[in-house]
Structure formats: structure tokens, C-alpha cells
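The values are calculated or read from the model by the stated rules, or taken from the named source; none is laboratory data. Everything numeric here is computed off the predicted structure, so don't read it as measured data. Heads up, the Cβs are rebuilt from the backbone with ideal geometry, glycines too, and the neighbour counts pull from every protein chain shown.
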Amino acid sequence: AMFDGLSRSLEKAWDSVRRDGKLTAENVKEPMREIRRALLEADVSLPVVRRFVKKVEEAALGERVVKGLSPDQKLVKVVFEELKQLMGGQQAELVQPKYGPAVILMAGLQGTGKTTAAGKLALHLKKKGLKVLLVATDVYRPAAIDQLVTLGSRIEVPVFELGTEVKPPEIARQGLEKAKQEEYDAVIVDTAGRLQIDERLMDELRETKAAVNPTDTLLVVDAMTGQEAAGLVKAFNDAVDITGAVLTKMDGDSLDITGAVLTKMDGDSRGGAALSIKEVSGRPIKFVGTGEKMEALEPFYPERMASRILGMGDVVSLVEKAEDAIQAEEAAELTKKMMTAKFDFNDFLKQYKMVTGMGNLSSLVKMLPGMNKVNEKQLAEVERKYKTYESMIQSMTKQEREQPELLAKSPSRRRRIARGSGRTEEQVAELIGMFTSMRAQMQTLSRMMALSGGAQGVA
Ligand code: GDP
């Protein structure tokens, strides 16, 4: 299927750094060559590939050292992030109308699957609970209107049409009028397909656009055409730029493409279109078609697509796991320190931050004296209490944090901390008491474990 070849050749890129300790300017050369070759083979255009490889290289070398990740995993992570960015980063949703129905103009060359995509999109929106109207304006291709009417009845979405004698902009205008009167949520206008970019039809498309002022103008492109698809999206935009940026703003009939629909993703195209469209045209892919059935349309998710390209199912979770591993390492480190008398207020704060950062206060709470059975309310109470502890620790001097026993001996120090943190002396005493008994308990635990021969199962 699509991207199989790409995934396979990227495998080689990871392999070439797997054995090394870290990524260096030297050892990324080989994987970069592999990545470059893989993308060109997938029919991504050369300038896009060049820019991409440069970004990956910079990010790979600049990336802070992540302990839990091996060099090949680190490279996977970087390539994943850059692929995601290349395809637009976030999912690009349809534009929400400020008032009235969403109006979506579908444009595209003949045979790309434009009419099918109009039907699929109608079904997609209908399933979301929207009241949808299809408008048939392709008066040139024989049977195009019948095709849409048939699709419409299959998915039970009404189709507005005026035959082939009325001009497309007029049909679109009347369709929108009907939609407004009957309170539709979305209008999808299927326009005339063309064999290639042709000025006369382009003008008509502009007129249709001006007639309905769409919220989205989607260009339907065929994934099988690879990097050509990207060029096409750009050409559609550029053709309009020829009318002039100034002019278009003056008369409000610019043909800005708000996004693309990439069809036939189910075929064995090589992936170049998906990878190039955003970068080449500046316009995101909003949907992909994945089959001939009406259900075969999906929103385009750059993140999922990047995962698929890397052939690793879910790279994100791989990276998250690595980051968890790092946290676990730090936690174990801290636990070790807790077992010794060296555990001080700095460690206490660090541990507190780590535990609350992980959203898992209960595991900390269970370590505290007399607190192994707690409910939600008690947890909130503990959390509040820790906030007061934090403020008091912040009022301590460096020396006091490192040598907690200083506080037990000195009422004047405790008074100063209370004033500095806006707490009472009783609260400061409570903190010290809690800390002391916690540390004592830790040391007892540690001695017990030393006796039983190990420190397992503590973190
Ligand atoms: P139009 O001329 O652009 O309106 O194209 P059509 O909507 O008539 O579609 C042309 C052909 O492509 C038809 O045979 C469709 O069934 C087929 N087609 C459309 N979308 C897809 C898709 O996502 N996957 C596949 N495999 N075929 C598709």
C-alpha cells in the first residue's frame, strides 16, 4: 500500500545510527542520504526534499539529549515531528461561517473524483448532524448533474439543480438562496471539472465563487498524480494571483483555495502528493478520499499520516514511553536519596513537583505517615496543604533547605519563615514535624529493606 516503500527505505536510515552512542554531524550524513532518497522515490519534489532534509538535520543535531532515547529513536522522533510540520502540523478543519450556512465550493480537474468527493463530504457533514444541500453546477460534462442527483438520493441529501441551460454562477446563487431560506447548515457546490487549467473555466469559477462567497474553496486532487498534485494546487492559487492580489481584494472574487481534498489514497500511489501539497502551495489538505464508497472520506491528520509514513504505527507513544522512562529514572534517583539522611527540603520540593506533575499525588500521599487510605476530597486537602509547604520552603535560606535540623533548634528561624511566607509559626512547626517523621520513616524502611536484601519495589 501507499508509503510501504517509503517506510522500508527509511528503516535503513535508522539502522545506520542504531549502533552509535549519539547523533553527530558525521553519523547523520548516511541516514540523511537515505531519507532524501526515500522521499524522492516517493515522488516528493526536489526543493521540498532539500528543505526537509535540512530541517531534519538541524533538529537532529540541535535536539537536547534525551536520556531515554537511543540515537535511532531520536532520529525517528525528529523525522516524525518534521513530517508532521511538512503536512501542516495540525489538522485543518473546515472554516466555520460567522452566520448562515457554511458554503463549500468544490473545484478540480475532470476525473479526480470531485463529484464523488462532493457526495462524500455531504455524507460526512450529515453524519455530524448538519442539514446539508448539494448544488449541481457542472453544466458541461454530460450526465454530471445526473451523477450528483443519484449520489444525493443514495446518501439522502437533497440536490439543487436547474438543468444545463442556466449559467453555473446563477445556479449556485439560487442554491444558496434556497439554503438560507430553508435554514441549511451547509451547502456544497459541485463545479464544472476541467481537463486542464483553462482561462475561460477559471473565470467562470471565479464568478461562481463571487456569487456565493464560500467559506471554503476546496481543490480536489488525485493522489496518484504525486508531486504534480502539489503543483496543481499551487497553479490554482497562482492563476488567481494573476488577477492580482489588489484586484481580488477590491472586488472580492479572489479564488483562494482554503484547502485540498486528496482522493484515491487507497491506490498504490507513492505518497508525494500528501507530502508536498502544503509545502508547495501553502494550502493544507483537509480531507482524503480512500475509496469509491461514499463513506470513504476522512479528515486529514498530519500526525497520523506521519506515523504511517514511518511505518511505526504509533511513534508518539514510543516517544512518550521514552520520556516516561526518564521520569522513572529521576524518581528512582530521588527515592534512593530519600533512603538516606541526605534527603532535604530541596528534594522534598522536587519530589512534590514531580509527583504532582505526573498527576499522581496519591502515590506520594501513600508514603506519608498515616495516609495510606485517602479519597478524592482528602487528596485535594493534601494538595492544598502542599501548596502551603511549598510557600514555606521557598522562604527558607539555602542553608536551611539543605540542613533541616537547623530549624528544629531555632525558634527565630521558624518565626522568620512564617513571616516571609505569610503563614503561622504553628504551620511552620507542622511542616518540620511532617518532614522529620517522613524522613525517619524512610530511613526505617531503608534499614528494613537492607535487611531483606534489596531496594526493589519502592519507587
Ligand atoms: P470528477 O470528474 O472529478 O467529478 O470525478 P468522479 O467523482 O466522477 O470520479 C472519477 C472516478 O474516480 C470514479 O470512478 C470514482 O469512483 C473514482 N474515485 C473517486 N474518489 C476515489 C477514491 O478516493 N478512491 C478510488 N479508488 N476511486 C475514487
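So is GLN91 within 16 Å of the ligand (Cβ to nearest atom) and either surrounded by fewer than 17 Cβ atoms within 10 Å (Cβ to Cβ) or more than 26 Å from LYS286 (Cβ to Cβ) (or both) or not? Judged against the criteria, GLN91 is not a match. When the test is whether a residue is more than 9 Å from the ligand (Cβ to nearest atom) and modelled with pLDDT under 85, GLY271 passes it. ARG141 meets each of the listed conditions (1) outside any loop (DSSP other than H, G, I, E, B); (2) within 13 Å of the ligand (Cβ to nearest atom) apart from (1).
For every residue, the table says whether it meets (1) charged (D, E, K, R); (2) at pLDDT below 85; (3) surrounded by 17 or more Cβ atoms within 10 Å (Cβ to Cβ); (4) in a loop (DSSP other than H, G, I, E, B).
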residue: LEU364; (1), (2), (3), (4): no, yes, yes, no
residue: LYS373; (1), (2), (3), (4): yes, yes, no, yes
residue: LYS377; (1), (2), (3), (4): yes, yes, no, no
residue: LYS387; (1), (2), (3), (4): yes, yes, no, no
residue: ARG414; (1), (2), (3), (4): yes, no, yes, no
residue: ILE417; (1), (2), (3), (4): no, no, yes, no
residue: MET449; (1), (2), (3), (4): no, yes, no, no
residue: GLN456; (1), (2), (3), (4): no, yes, no, yes
residue: ALA459; (1), (2), (3), (4): no, yes, no, yes
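Of all residues being of a type outside the set (Val, Ile, Thr) and in contact with a Lys or Arg (Cβ under 9 Å, 6 or more places away or on another chain) in segment 126-138, which is nearest to the ligand (Cβ to nearest atom)? Just the residue, please. Result: ASP138. Each residue in segment 160-180 was checked for being β-branched (Val, Ile, Thr) and closer than 13 Å to ALA211 by Cβ, and 2 of them qualify.
Just to be sure I understand the filter: pairs with C-beta atoms under 6 Å, separated by 6 or more residues or on different chains, first member in segment 73-98 and under 24 Å from ALA38 (Cα atoms), second member among the small types (Gly, Ala, Ser). Which pairs pass? Close Cβ pairs satisfying both conditions: LEU75/ALA60; VAL78/ALA59; VAL78/ALA60; PHE80/ALA306; LEU83/ALA306; LYS84/ALA306. So, in segment 283-306, of the ones that are in a loop (DSSP other than H, G, I, E, B) and farther than 22 Å from LEU105 by Cβ, which residue ends up farthest from the ligand (Cβ to nearest atom)? So, considering only residues that are in a loop (DSSP other than H, G, I, E, B) and farther than 22 Å from LEU105 by Cβ, the one farthest from the ligand (Cβ to nearest atom) is TYR301. If you go through segment 101-122 and pick out every residue that is within 6 Å of the ligand (Cβ to nearest atom) and of a type outside the set (Lys, Arg), you end up with 7. Under the condition of being within 15 Å of the ligand (Cβ to nearest atom) and either closer than 17 Å to ILE145 by Cβ or without any contact (Cβ under 8 Å) to a residue 60 or more places away in the chain (or both), which residue from segment 180-196 is surrounded by the most Cβ atoms within 10 Å (Cβ to Cβ)? Once the filter is applied, the top-ranked residue is ASP190.
Checked against (1) assigned to a helix (DSSP H, G or I); (2) closer than 23 Å to LYS234 by Cα; (3) touching a residue at least 60 places away in the same chain (Cβ under 8 Å), ASP43 meets all criteria but (1). Residue count for segment 203-217 under the criterion of being surrounded by fewer than 19 Cβ atoms within 10 Å (Cβ to Cβ) and not acidic (Asp, Glu): the result is 2. Quick check on segment 148-159. Is at least one of its residues more than 16 Å from the ligand (Cβ to nearest atom) and not in a helix (DSSP H, G or I)? Yes, there is a match, as at least one residue in segment 148-159 is more than 16 Å from the ligand (Cβ to nearest atom) and not in a helix (DSSP H, G or I). The listed residues are ALA92, ALA107, and the only one of them that is at pLDDT below 90 and in a strand (DSSP E or B) turns out to be ALA107.
Whenever a residue of segment 6-20 is of a type in the set (Ser, Thr, Tyr), its partners that are at pLDDT below 80, lying with C-beta atoms within less than 7 angstrom and at least six residues away or across chains, give the pairs SER7/ILE309; SER7/LEU310; SER7/GLY311. Total residues in segment 209-229 satisfying the condition of being in contact with a helix residue (DSSP H, G or I) (Cβ under 7 Å, 6 or more places away or on another chain) and of a type outside the set (A, V, I, L, M, F, W, C): the figure is 5.
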